[in-house]
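The values are calculated or read from the model by the stated rules, or taken from the named source; none is laboratory data. These numbers come from a predicted model, not from an experiment. Positions of Cβ are backbone-derived with ideal geometry, glycine not excepted, and every protein chain shown enters the neighbour counts. Only protein heavy atoms, including side chains, enter the accessible area calculation; ligands, DNA and RNA are left aside. Shrake-Rupley method; radii C 1.70, N 1.55, O 1.52, S 1.80 Å.
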Amino acid sequence: MRRRAFITLLGGAAAAWPLAAGAQQPAMPVVGFVHAGVATAHTHVVAALRLGLKESGYVEGRNLAIEYRWANNENDRLPELAADLVRRQVAVIAATGGVPSAQAAKAATSTIPIVLAIGADPVRVGLVASLNRPGGNVTGVTFTTTELMAKRLDLLRELVPQAATVAYLADTRSVVGQEMLSEILVAAGVLGRQLAVAEVRSEYEFEAAFASFVERRSGALVVGASVLFDSHRDKLVALAARHKVPAIYQAREYALEGGLMSYGASYQDAFRLAGRYVGQILKGANPADLPVEQSSRFELVINMKTAKTLGLDFPPTLLIRAEELIE
């Protein structure tokens, strides 16, 4: 072989080596994310999920891709969004934003692993066989919602004991929403409070609900746990401020945006744990063998600036229990 031909051949082979090596690299895993709410209102839960993934060694855009699907509070879109992720052949589906998201994902596939993050008992709603041994392709994280309704009402009683009538804003489109209403009705009876209930199905009904609270002379307000409410928490906080009604919400983000106070499970903790579960499954764990984890971190957050605006003095017994005071 002539020297020039040999050098050309050798150079061509060397150039081909990186291509061959690259072709042997495993494809970047793709995680599907489906949520019932609005993207712009839930950046904090996405950030928490990414944090959990990072703790497991996965960083979006580096060694992991995420396909996002948002239902924008239209639950009837969830089945198609979940089916779309199945067609995309994602490695794992993170089903978040309430029970309907998880139910849609489970109905869409019995083979792709599903990691849920919901405020409900997944056994009772038929998503897993048991918490310790989920079976099937579904596992994940749960956090308490319904059981905290009495606690929220009691916190308001401590702050405004003179409020004989307390308003309750409810979204009863889901089983969990119906259970929360039942729970707070019982709690109101125990605490000797009248409950003024307004059930809404969209943000366009918020104004009328608050008008009914004023008409019934409600001295305080409990806002129920709902993806709809989370998606429009700025409107709810603004309405409470306009009507000068002391209100308690389910999540820290309400207090950060000017709500008086919040008490509930930490979304950041729950979604971080969900992200870690996704990471474990990507590494080969079987969802059937991963116990459903129960997020146990609860936080009372008080916005002192809003309290001052409303002319309220928080008793020391409440302040000392707060995880965060926003000045």
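Being of a type outside the set (A, V, I, L, M, F, W, C) and more than 27 Å from the chain's Cα centre (by Cα) narrows it down to one of SER174, SER218, so name that one.
Going through SER174, SER218 in turn, the sole match is SER218.
Test ILE281 against the criterion of being of a type in the set (A, V, I, L, M), touching a Leu at 6+ places or on another chain (Cβ under 7 Å) and touching a residue at least 24 places away in the same chain (Cβ under 8 Å), and give yes or no.
So ILE281 fails the test.
Kindly indicate the residue of the range 127-141 that is out of contact with any Leu (no Cβ under 8 Å at 6 or more places or on another chain) and of a type outside the set (A, V, I, L, M, F, W, C) and also modelled with the lowest pLDDT among those meeting that condition.
Filtering the range 127-141 for residues that are out of contact with any Leu (no Cβ under 8 Å at 6 or more places or on another chain) and of a type outside the set (A, V, I, L, M, F, W, C), the one modelled with the lowest pLDDT comes out as GLY135.
Any residue in the range 147-159 that is open to solvent by 20 Å² or more (accessible area, probe 1.4 Å) sitting within a Cβ distance under 8 Å of a residue that is hydroxyl-bearing (Ser, Thr, Tyr) and assigned to a helix (DSSP H, G or I)? List the pairs, counting only those 6 or more apart or interchain.
Short answer, once both residue conditions are applied: GLU158/THR317.
Give the range 75-121 a look and list any residue that's over 15 Å from the mean Cα position of the chain (by Cα) and in a loop (DSSP other than H, G, I, E, B), or say none.
ARG88, GLN89, VAL90, ALA91, THR109, SER110, THR111, ILE112, PRO113
For (1) modelled with pLDDT of 95 or more; (2) open to solvent by less than 20 Å² (accessible area, probe 1.4 Å), each residue gets a yes or a no:
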| site | (1), (2) |
| --- | --- |
| ALA21 | no, no |
| ARG50 | yes, no |
| LEU53 | yes, yes |
| TRP70 | yes, no |
| ALA82 | yes, yes |
| GLY98 | no, no |
| ALA102 | yes, yes |
| VAL115 | yes, yes |
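Which of the residues spanning the range 300-327 are out of contact with any Lys or Arg (no Cβ under 7 Å at 6 or more places or on another chain) and in a loop (DSSP other than H, G, I, E, B)?
The answer is GLY311, LEU312, ASP313, PHE314, PRO315, ILE320, ARG321, ALA322, GLU323.
Hey, among the residues in the range 162-206 that are in contact with a helix residue (DSSP H, G or I) (Cβ under 7 Å, 6 or more places away or on another chain), charged (D, E, K, R) and not in a loop (DSSP other than H, G, I, E, B), which one's surrounded by the fewest Cβ atoms within 10 Å (Cβ to Cβ)?
Step by step, filter the range 162-206, then rank; the result is GLU203.
Going through the range 274-287 one residue at a time, which ones are aliphatic (A, V, I, L, M) and open to solvent by 20 Å² or more (accessible area, probe 1.4 Å)?
LEU282, ALA285
For the range 290-327, what are the residues that are open to solvent by 80 Å² or more (accessible area, probe 1.4 Å) and under 30 Å from PRO29 (Cβ atoms)?
Matches in the range 290-327: GLN294, SER296, ARG297.
Examine the range 300-308 for a residue that is β-branched (Val, Ile, Thr), free of Cβ contacts under 8 Å to residues at least 60 places away in the same chain and more than 11 Å from GLY140 (Cα to Cα), and state whether such a residue exists.
Scanning the range 300-308 turns up at least one residue that is β-branched (Val, Ile, Thr), free of Cβ contacts under 8 Å to residues at least 60 places away in the same chain and more than 11 Å from GLY140 (Cα to Cα).
Can you pull out the residues in the range 180-226 that are within 22 Å of ALA255 (Cα to Cα) and either of a type in the set (Lys, Arg) or in contact with a Gly (Cβ under 9 Å, 6 or more places away or on another chain) (or both)?
Result: MET180, ILE184, VAL223, GLY224, ALA225, SER226.
Checking ARG124 against (1) modelled with pLDDT of 90 or more; (2) in a loop (DSSP other than H, G, I, E, B); (3) within 18 Å of the chain's Cα centre (by Cα), which test does it fail?
(3)
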